[in-house]
Amino acid sequence: MTDEPDVELEARLEEKERFDPPEAFVEQANVSDPDIYEEFEEEWPDCWERAADLLDWDEEYDDVLVDDEAPFYEWFVGGELNAAYNCVDRHVESGRKNHAAIKWEGEGGETRTYTYQDLYREVNEFAAALRDMGVEEDDVVTLYMPMIPELPIAMLACARIGAPHSVVFAGFSADALATRMNSAESEYLVTCDGYYRRGDVLNHKEKADKGLRSVEADVETVVVDRLGDELTHFLGKRHHDYDELVAEQSGERVDPVSRDAEDMLFLMYTSGTTGKPKGVKHTTGGYLSYAAWTSHSVLDIKPEDSYWCAADIGWITGHSYIVYGPLALGTTTVMYEGTPDYPEKDRLWELVEKYAVDIFYTAPTAIRSFMKWGKEYPDSKDLSSLRLLGTVGEPINPRAWKWYYKHIGDESCPVVDTWWQTETGGMMITTLPGIGTMKPGSAGPALPGIDAEIVDTAGEAVSPGDAGYLTINNPWPGMLRTLYDNDDRFINEYWREYSDSEADEWVYFPEDGATIDEDEYITVLGRVDDVINVSGHRLGTMEIESAIVGVPGVAEAAVVGGSHEVKGEAVYAYVITEDGTEGGEELYDSIIENVERAIGPFARPEEIIFTPELPKTRSGKIMRRLLEDIANGEQLGNTSTLRNPEIVEEIQAQVSAE
Ligand code: WTA
């Protein structure tokens with residue numbers, strides 16, 4: 001770690017609050033005419049034809065938007081298309097079959113390149129295999145895989161036959177896998193034997209196997225052989241070896257199924273306020289158009305680029321911006337299995353140099369780690385191929401933004417700070433890199449066609465600079481259509497707060513707090529519900545709480561996010577034991593173990609604070625704000641409404657002693 005501040009950077013950049021896109025970038029940008037904002041406003045909703053035009057349709061749509069059943073909006077109604085055809089076949093047909101689609105690098109340095117032709121072949125063969133297994137249109141196929149090429153191949157194979165996929169992040173536990181499979185009533189699972197993490201072999205199949213024991217359906221499983229060992233079979237379940245399946249289908253071709261624009265492309269489970277994860281439903285026409293459009297306009301992707309989004313496909317960022325957006329545009333998407341600091345802290349920069357990456361997209365938490373490790377790592381590599389940088393997942397503080405801009409982008413790449421969510425399908429608020437002045441710390445204006453407003457609790461627009469709630473007043477093609485099998489929850493979670501249903505005025509509420517400035521630049525402050533953001537991973541505090549109270553000896557628990565230098569937020573758990581005594585090491589370990597078992601290691605508490613009571617209001621509600629203040633070591637807010645104000649100091653003393 002470099003303790004010395006970068007004097008030059010501090011002096012020159014610290015005071016600077018506005019950065020204009022470099023001219024060289026603007027000249028070549030996919031979108032550089034500022035009139036686009038006005039045009040989208042005037043043409044709305046037909047402006048979204050521009051997004052749909054990036055795709056090939058089997059059947060033209062009749063209407064861009066149908067809002068009869070709002071907020072169950074429908075986009076590109078009457079249109080038909082296939083997502084795999086759009087991401088693979090059409091590039092082969094247009095003479096680009098030998099262009100690299102995926103360049104994959106394993107943690108240990110092994111590499112694989114799939115041209116569009118290679119991808120076409122393997123997607124077809126695996127699609128044929130899935131069909132032979134009995135997968136039919138609309139059957140949900142669960143993909144529980146790490147960052148190996150078979151993951152995007154399986155996604156595209158599902159898309160080809162019209163079977164929605166539900167990708168479960170490989171870091172999730174066996175229990176989390178089972179919950180998601182049961183919720184989606186999924187009868188098919190594609191997984192792998194194991195993978196590498198910082199030189200260790202992780203036994204993934206054991207986790208998948210364990211999860212399957214709690215799945216109600218009689219699941220048929222496909223296992224990818226990542227480790228090259230003999231595959232051991234699953235207990236009493238129907239199973240297949242991926243390589244064998246594909247070999248059996250050698251040369252097979254499967255016609256891409258024409259899907260209705262509104263047919264489900266995939267489900268993605270995400271955390272919400274309650275303990276039960278939400279199955280966000282995305283569609284074929286709207287989602288794919290939106291992923292392609294934002295990849296084109298914000299990420300400035302061109303077919304000849306080497307593009308790298310260093311996220312995991314197990315989250316929405318990887319769906320939209322490793323797989324669907326970039327492949328729809330026919331570019332080369334780089335995929336990396338490992339972590340940024342293994343074997344050395346220059347691993348990512350080594351890959352940028354090796355693949356001559358043009359566009360790099362990552363999360364603020366990663367940038368804060370890079371800063372901590374020091375500029376000598378990026379400085380030791382040639383990063384001059386870079387043209388554009390992006391961030392996503394959490395607010396980025398101006399210092400981290402400037403560090404990224406200078407030490408990775410050499411002050412010659414625009415940085416797009418993109419706000420969006422699993423539910424929005426794609427980016428919503430960010431500068432357009434060929435147009436907008438950048439203000440570090442602020443994501444930027446809403447994208448053309450997106451009507452964002454910051455309001456108070458009554459739904460009235462706040463004045464510039466005042467904190468309020470982020471709302472979206474118009475629908476957009478990439479939006480979620482509902483929560484799987486739960487229309488009521490869809491309405492309650494996103495539309496209840498600020499809509500006037502009687503007047504048929506629907507306002508989407510993403511549960512984020514924000515401010516807006518005179519130029520309509522939005523600074524997103526963070527979640528206002530019980531969701532926290534740990535290293536860019538979205539976690540529900542309720543999910544963690546229910547894992548903790550499941551531990552024998554625990555009576556009650558409250559989980560909050562406390563700020564963390566690198567992770568953004570970290571999990572703080574306040575725990576009351578059954579016998580009222582302070583929990584010992586054993587209980588501590590059991591709590592950690594149970595959280596890892598219920599969710600995954602990434603949800604592990606940073607600190608567990610045993611306390612005889614939790615601060616509660618007179619009506620018995622836990623005052624989470626106070627617990628957050630304590631975790632952050634901040635001045636405490638008002639405690640006069642508490643039933644038990646004395647407990648606050650007690651907890652505070654305990655936290656500062658640790
Ligand atoms: C947060 C990730 C500030 C926000 C794509 C949102 C951000 C949640 C930004 C969604 C950003 C995402 N600035 N906050 N640029 N991007 N967020 O569903 O709180 O995993 O609601 O989607 O991340 O997380 P999710």
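Between residues in the stretch 284-302 that are under 14 Å from Glu49 (Cα atoms) and residues that are open to solvent by 10 Å² or more (accessible area, probe 1.4 Å) and assigned to a helix (DSSP H, G or I), which pairs lie under 6 Å by C-beta distance while being six or more apart or on different chains?
Once the first residue is under 14 Å from Glu49 (Cα atoms) and sits in the stretch 284-302, no partner that is open to solvent by 10 Å² or more (accessible area, probe 1.4 Å) and assigned to a helix (DSSP H, G or I) comes close enough.
Can you confirm whether Asp487 is away from the ligand (no atom under 14 Å from the Cβ) and either free of Cβ contacts under 8 Å to residues at least 60 places away in the same chain or touching a strand residue (DSSP E or B) at 6+ places or on another chain (Cβ under 7 Å) (or both)? Walk me through how you get there before you give the answer.
Working: away from the ligand (no atom under 14 Å from the Cβ): yes; either free of Cβ contacts under 8 Å to residues at least 60 places away in the same chain or touching a strand residue (DSSP E or B) at 6+ places or on another chain (Cβ under 7 Å) (or both): no.
No; evaluated as a whole, the condition is false for this residue.
Any residue in the stretch 611-637 that is without any contact (Cβ under 8 Å) to a residue 12 or more places away in the chain and surrounded by 15 or more Cβ atoms within 10 Å (Cβ to Cβ) sitting within a Cβ distance under 7 Å of a residue that is in a loop (DSSP other than H, G, I, E, B) and of a type in the set (Gly, Ala, Ser)? List the pairs, counting only those 6 or more apart or interchain.
Cβ pairs passing all conditions: Asp629/Gly637.
Could you list, in sequence order, the residues of the stretch 323-368 that are among the polar types (S, T, N, Q) and within 19 Å of the chain's Cα centre (by Cα)? Walk me through how you get there before you give the answer.
Filtering the stretch 323-368 for residues among the polar types (S, T, N, Q) gives 331-333, 339, 362, 365.
The answer is Thr333, Thr339, Thr362, Thr365.
Thr541 is checked against (1) open to solvent by 20 Å² or more (accessible area, probe 1.4 Å); (2) within 16 Å of the ligand (Cβ to nearest atom); (3) over 28 Å from Val416 (Cα atoms) and fails just one. What number does that condition carry?
Status for Thr541: all satisfied but (1).
Enumerate the strands (runs of 3 or more DSSP E) found wholly within the stretch 341-437, keeping only those where 1 or more residues are away from the ligand (no atom under 16 Å from the Cβ).
Passing ranges, in order: 359-362.
As an exercise: evaluate Tyr114 against (1) surrounded by fewer than 18 Cβ atoms within 10 Å (Cβ to Cβ); (2) of a type in the set (Ser, Thr, Tyr); (3) part of a strand (DSSP E or B) and give the number of the one condition it does not meet.
Checking Tyr114 against (1) surrounded by fewer than 18 Cβ atoms within 10 Å (Cβ to Cβ); (2) of a type in the set (Ser, Thr, Tyr); (3) part of a strand (DSSP E or B), the one that fails is (1).
Out of Tyr508, Tyr588, I need the residue that is hydroxyl-bearing (Ser, Thr, Tyr) and either touching a Phe, Trp or Tyr at 6+ places or on another chain (Cβ under 8 Å) or in contact (Cβ under 8 Å) with a residue 24 or more places away in the chain (or both). Which one?
Just a single option satisfies the conditions, and that option is Tyr508.
Residues to consider are Thr284, Thr273; find the one that is over 21 Å from Glu353 (Cβ atoms) and within 16 Å of the ligand (Cβ to nearest atom).
Residue meeting the stated conditions: Thr273.
Among the residues of the stretch 79-88, is there at least one that is closer than 20 Å to Val254 by Cα and among the aromatic types (Phe, Trp, Tyr)?
yes
Of the residues Val559, Val551, Val566, which is in a loop (DSSP other than H, G, I, E, B) and closer than 27 Å to Met268 by Cα?
Residue meeting the stated conditions: Val566.
So that you can scan it fast, the table gives a plain yes or no per residue for (1) farther than 26 Å from Leu470 by Cα; (2) away from the ligand (no atom under 16 Å from the Cβ):
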position: His537; (1), (2): no, no
position: Ala557; (1), (2): yes, yes
position: Asp589; (1), (2): yes, yes
position: Gly600; (1), (2): yes, no
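The values are calculated or read from the model by the stated rules, or taken from the named source; none is laboratory data. The structure presented is a predicted model; accordingly, all values stated were derived computationally and were not measured. Cβ coordinates were reconstructed from backbone atoms using ideal geometry, including for glycine residues, and neighbour counts include every protein chain displayed. SASA here: full protein model, heavy atoms, side chains in, ligands and nucleic acids out. Shrake-Rupley method; radii C 1.70, N 1.55, O 1.52, S 1.80 Å.
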